[in-house]
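A.B. asks: The structure that follows is given in the form of structure tokens.
Please treat every number below as a calculation from the coordinates, not as lab data. The structure displayed is predicted, hence computed values, not measured ones. Neighbour counts are summed over all protein chains in view; Cβ atoms, including those assigned to glycine, are modelled from backbone coordinates with ideal geometry.
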Amino acid sequence: MTDRYSRQIIFPGLGEQGQHKLLKSHVVIIGCGGLGSMIATSLVRAGVGRVRVVDRDFIEYHNLHRQILFDEDDIRHELPKAAAAERHLRKINSSVEIEGIVADVNHGNIEELASGADLIMDGLDNFEGRLLINDVSLKHGTPWVYGAAIASSGMTTSFIPGKTPCFRCLSASAPASGLVGTCDTAGVLGPVPFIIGSLQTTQAMKILVGEADTEQRLTVIDIWQGTFQHLKTGYRKDCPACQGRYEYLEGKSGVETTSLCGQNVVQVLNTSSGEIDLKDMAKRLAQITEVTYNDFMLRFQADEEREMVVFADGRALVRNTTDESLARALYAKYVGM
């Protein structure tokens with residue numbers, strides 16, 4: 001241990017005692033894209049004893065500019081991100097217990113996936129998943145570190161039950177579907193998730209060794225503009241999650257999917273969203289695919305096989321599939337959650 005971790009052990013903020021705490025820690029990383037892959041490699045290199053990586057997606061060429069764990073061989077072998085992450089991470093540090101789980105995180109499985117964790121890391125790209133993490137965090141008293149990256153900007157902060165405001169204190173509910181861009185509609189510069197993921201990892205290490213910040217601040221950066229801000233956060237008196245009402249964990253809010261019998265169509269419904277501005281959404285999607293729309297619905301080709309129809313109320317139909325997990329993924333990719 002002394003040799004492998006010697007350069008961080010001599011750092012006064014960590015030391016041998018801190019390193020021993022890291023070695024005994026269990027961290028769950030939910031989402032292994034740009035943020036998650038940066039977090040995973042950093043924590044494994046730092047010597048966190050047990051790391052579980054959960055992700056539902058496969059690797060594609062457009063991931064490689066920002067997802068540091070993966071390479072072209074992973075794509076040729078058609079590996080899911082979680083499986084490829086496990087393989088690469090084992091080569092980085094064979095002394096760490098690493099588990100890659102290919103799964104779509106939802107209200108029915110997130111408690112099991114996060115079971116026993118000392119810390120949950122957010123590597124997601126959608127609000128619903130973060131609201132689920134927030135509910136699990138508060139219910140089980142597990143800290144978590146939030147991160148987001150899109151275009152040239154990103155943000156991060158930590159949530160520690162009983163010591164800081166929660167995520168719903170900052171964001172009362174998920175934004176309306178189609179209102180917030182995704183990496184597929186707004187793009188993302190590769191360095192953004194590298195920076196945000198590194199800041200998240202630093203916060204993770206501080207929490208695991210007992211040096212967590214007592215004052216919660218939201219760090220916001222824009223690397224293109226060269227700005228770096230710290231925004232103070234506070235409790236929201238009417239926050240339902242802080243009062244023990246875990247609406248997303250109980251499945252009372254969020255995204256619902258239904259396979260329409262005999263139609264080869266999956267309906268996706270975001271129960272938390274408001275009305276969608278179809279005209280604005282059409283403008284965004286027109287940069288990447290052909291779109292037709294009217295006052296009632298918007299239609300476009302999501303991939304080579306599947307067509308999506310999005311309605312003004314946030315509901316969508318994904319045609320030519322019965323795979324509800326795939327439908328959710330396409331909804332998150334193009335509409336947002």
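A.B. asks: Quick check for me: using +1 on Lys/Arg Cβ and -1 on Asp/Glu Cβ, what's the dipole size of segment 6-232 about its Cα centre, in debye to the nearest 20? Don't jump to the answer; show the numbers that get you there.
C.D. replies: Details: 20 positive and 25 negative charges, 146 e Å.
Taking the Cα centre of segment 6-232 as origin, the dipole is about 700 debye.
A.B. asks: What are the residues whose amide H is under 5 Å from the amide H of Ile150, where those residues sit 5 or more places off or on another chain and H is modelled from the backbone?
C.D. replies: Placed amide hydrogens put nothing under 5 Å from Ile150.
A.B. asks: Positive end of the dipole of the chain, charges at C-beta (+1 Lys, Arg; -1 Asp, Glu), about the Cα centre: which of Gly13, Ala149, Gly226 has its Cα farthest in that direction?
C.D. replies: After comparing all options, I get Gly13.
A.B. asks: Now a separate question. What's the extension gain from His77 to Asp213 if we count 0.36 nm per residue and subtract their Cα-Cα distance?
C.D. replies: Numbers: separation 136, 0.36 × 136 = 48.96 nm, distance 4.22 nm.
Length gained, His77 through Asp213: 44.7 nm.
A.B. asks: What are the lysines whose alpha-carbon lies under 26 Å from the alpha-carbon of Lys163, with same-chain residues fewer than 8 places away excluded?
C.D. replies: Lys21, Lys24, Lys139, Lys206, Lys232, Lys237
A.B. asks: Quick one: which residues, 5+ away or cross-chain, put their amide H under 5 Å from the amide H of Asp104? H built at 1.01 Å from N.
C.D. replies: none
A.B. asks: Something else: For segment 134-146, what does the Karplus curve 6.51 cos²θ - 1.76 cosθ + 1.60, with θ = phi - 60°, yield as ³J(HN,Hα) per residue in whole Hz, taken in order and with x for Gly and Pro?
C.D. replies: 4, 5, 5, 4, 5, 5, 10, x, 9, x, 8, 10, 8
A.B. asks: Moving on to the next point. Of the options Met297, Ile120, Leu317, report the single residue whose Cα projects farthest towards the positive end of the charge dipole of the chain (beta-carbon charges: Lys, Arg +1; Asp, Glu -1).
C.D. replies: Ile120
A.B. asks: Write out the trypsin sites (Lys or Arg not before Pro) in segment 209-255 meeting two conditions: DSSP loop, and at most 10 other Cβ atoms within 10 Å of their Cβ. Don't skip to the answer; put the middle values down first.
C.D. replies: Working: sites: Arg217, Lys232, Arg236, Lys237, Arg245, Lys252; in loops: Arg236, Lys237, Arg245, Lys252.
Of the trypsin sites (Lys or Arg not before Pro), the ones in loops of segment 209-255 whose Cβ has at most 10 other Cβ atoms within 10 Å are Lys237.
A.B. asks: Something else: Calculate one ³J(HN,Hα) per residue across segment 52-58 by plugging θ = phi - 60° into the Karplus curve 6.51 cos²θ - 1.76 cosθ + 1.60, and present them in order as whole Hz with x for glycine and proline.
C.D. replies: Result, rounded to whole Hz: 10, 10, 10, 7, 9, 9, 9.
A.B. asks: Between Asn109 and Ser198, what length comes free when the chain is fully extended (0.36 nm per residue of separation minus the Cα-Cα distance, one decimal in nm)? Present the calculation step by step, with values, prior to reporting the outcome.
C.D. replies: Details: separation 89, 0.36 × 89 = 32.04 nm, distance 2.76 nm.
Value of the extension gain: 29.3 nm.
A.B. asks: For segment 255-334, give the magnitude of the charge dipole about the Cα centre (Cβ charges: +1 Lys/Arg, -1 Asp/Glu; no others), in debye to the nearest 20. Could the numbers behind the result be given before it?
C.D. replies: Details: 9 positive and 13 negative charges, 20 e Å.
For this selection, approximately 100 debye.
A.B. asks: I would also like to ask the following. Be a star and scan segment 189-227 for residues whose amide nitrogen sits under 12 Å from the point 7 Å along the Cα-to-Cβ vector of Ala151.
C.D. replies: The answer is 189, 222-225.
A.B. asks: Report the extension gain between Lys163 and Lys279 in nm, rounded to one decimal, defined as 0.36 nm multiplied by the number of residues separating them, less their alpha carbon distance. Before the final figure, lay out each step's value.
C.D. replies: Working: separation 116, 0.36 × 116 = 41.76 nm, distance 4.27 nm.
Answer, rounded to one decimal: 37.5 nm.
A.B. asks: Within 10 Å, count the other beta carbons around each residue, average over each peptide in 275-282, 299-306, and list them highest first.
C.D. replies: Working: 275-282: 16.5, 299-306: 14.5.
The most tightly packed comes first, giving 275-282, 299-306.
A.B. asks: Something else about it: By the gyration tensor of its Cα atoms, with a ≥ b ≥ c the square roots of the eigenvalues, what is the shape of segment 1-94: rounded for a/c under 1.5, prolate for a/b over b/c, or oblate? Kindly include the intermediate steps, with their values, before the conclusion.
C.D. replies: Details: a/c = 2.57, a/b = 2.30, b/c = 1.12.
Prolate, since a/c reaches 1.5 and a/b exceeds b/c.
A.B. asks: Right, something else. Which of Leu260, Leu69, Met38 sits closest to the plus end of the dipole of the chain, meaning its Cα is farthest towards the positive end, when Lys and Arg get +1 and Asp and Glu get -1 on the C-beta?
C.D. replies: Met38
A.B. asks: Run lengths n ≥ 4 of DSSP H only: what is the helix-derived mean residue ellipticity at 222 nm for the chain, with -39500 (n - 2.57) per run over all residues, to the nearest 500?
C.D. replies: Numbers: 12 runs with 106 residues, N = 337.
It lands at -9000 deg cm²/dmol.
A.B. asks: Here's another thing I want to ask about it. Of all GluC sites (Glu not before Pro) in segment 12-85, which ones are in loop regions per DSSP and have a Cβ with at most 16 other Cβ atoms within 10 Å?
C.D. replies: Working: sites: Glu16, Glu60, Glu72, Glu78; in loops: Glu60, Glu78.
For GluC sites (Glu not before Pro) across segment 12-85 that sit outside H, G, I, E and B with at most 16 neighbouring Cβ atoms in 10 Å, the list reads Glu60, Glu78.
A.B. asks: With Cα Rg over 2.2 N^0.38 Å in mind, check (1) 1.03; (2) 1.08; (3) 0.99 and report the label derived from this structure.
C.D. replies: The listed entry that was calculated here is (3).
A.B. asks: Once phi is turned into θ = phi - 60°, what whole-Hz ³J(HN,Hα) does the Karplus curve with 6.51, -1.76 and 1.60 give for every residue of segment 196-201, x standing for Gly and Pro?
C.D. replies: 5, x, 5, 5, 4, 5
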